[in-house]
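Comments concern the structure below.
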Amino acid sequence: MGKQTTVEKMIVALERGALEQFGRGEIEGPLVLCDEEITYFDPSVESRREGREALAVHYEPVRGKPQYARFELVDPRVQVLDGTAILTYVLETRDTPNADSPGTLWKVTAVYHRFDGGWRVVHSHFGLYGGTTPRDFQVATPPADLKGLPDPLLRELMGLEDAAMQRWRRGDPWAFWQLSAPDVTYFDPETRGRINNAEGLRELYAGVEGKIRYDVSEYFDPRVQPFGDTAVLSYQYRSATRRDDGSAGNGTLWNTTEVFARRDGRWRIVHTHWSYARAGTA
């Protein structure tokens, strides 16, 4: 990444400060940085957390309990889209100050928006670096009826997403590539780090073309957070094959973030983050 602008430096500094406090078991500072309507994914939650109050309940058990002794933001990158900034990085946390001690790696997306009172986090997505898929999960809510979604923007973006997904599950990844902007960034559990542009994404998709096949494609609780010409789409997704009796297997449950930007009159994906929901570390 080239020389950081003032905004990019500020966003990274805000995130680093929140991580320092959280590592000491101080939750108030990180919560103040969050917008009241924040949405939040991490591997431990059964579904997306919505709102600062819900996130406060989620954080409460760690209050006063050190979470890690050392952390590092690896390769932070900030995409600034008018009043919205997408911060992505790999987070390494260690239980001891010793640099040689085993650490945990996370892929992190934090979407900030500039309000009258300053920059606040409106969406956060923590995914384990690799990790294991959940087993025997149950989804509390039924799959979404995409045609019946009440919000017009949500219907439009989910229509784009589902059209690409129907091709993806039959081994054709190129609809997602065509939907992505040239400066797209991308995380999934198996990438070595962040993919930084459409050409990198092309290489990834070329490697999986024709290799992905599954029958069941279900979306749970999709939500869009609009910020002018930027929109944060998040949902949980189940991919599964059908058994011989026609029933669906458990498959894989995913936490999904897609950040869209409107360019030249059309919505394009500028950041994607896929991670295993309720994932383990081994």
Members of the stretch 19-44 found to be assigned to a helix (DSSP H, G or I), free of Cβ contacts under 8 Å to residues at least 60 places away in the same chain and not β-branched (Val, Ile, Thr), listed by number: Glu20, Gln21, Phe22, Glu28, Gly29, Pro30, Leu31
Scan of the stretch 161-190 for residues that are part of a loop (DSSP other than H, G, I, E, B) and touching a helix residue (DSSP H, G or I) at 6+ places or on another chain (Cβ under 7 Å), ordered by number: Pro173
Residue among Val224, Val232 that alone is touching a Leu at 6+ places or on another chain (Cβ under 8 Å) and not hydroxyl-bearing (Ser, Thr, Tyr): Val224
Verdict on Leu253 being within 30 Å of Asp82 (Cα to Cα) and not hydroxyl-bearing (Ser, Thr, Tyr): no
Where a residue in the stretch 148-159 is of a type in the set (D, E, K, R) and its partner, wherever it lies, is surrounded by 13 or more Cβ atoms within 10 Å (Cβ to Cβ) and not in a helix (DSSP H, G or I), with Cβ under 6 Å and at least six apart: Arg155/Leu149
Extreme residue, farthest from Phe260 (Cα to Cα), among residues of the stretch 162-207 that are among the small types (Gly, Ala, Ser) and touching a strand residue (DSSP E or B) at 6+ places or on another chain (Cβ under 8 Å): Gly193
Residue match in the stretch 161-173 (condition: of a type in the set (Gly, Ala, Ser) and not assigned by TED's automatic domain parsing to the domain that holds Thr256): no
Top-ranked residue in the stretch 60-106 [being outside any strand (DSSP E or B) and β-branched (Val, Ile, Thr); ranked as nearest to Ile38 (Cα to Cα)]: Val62
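The values are calculated or read from the model by the stated rules, or taken from the named source; none is laboratory data. For clarity, every value in this text was computed on a predicted model and none was experimentally measured. Heads up, the Cβs are rebuilt from the backbone with ideal geometry, glycines too, and the neighbour counts pull from every protein chain shown.
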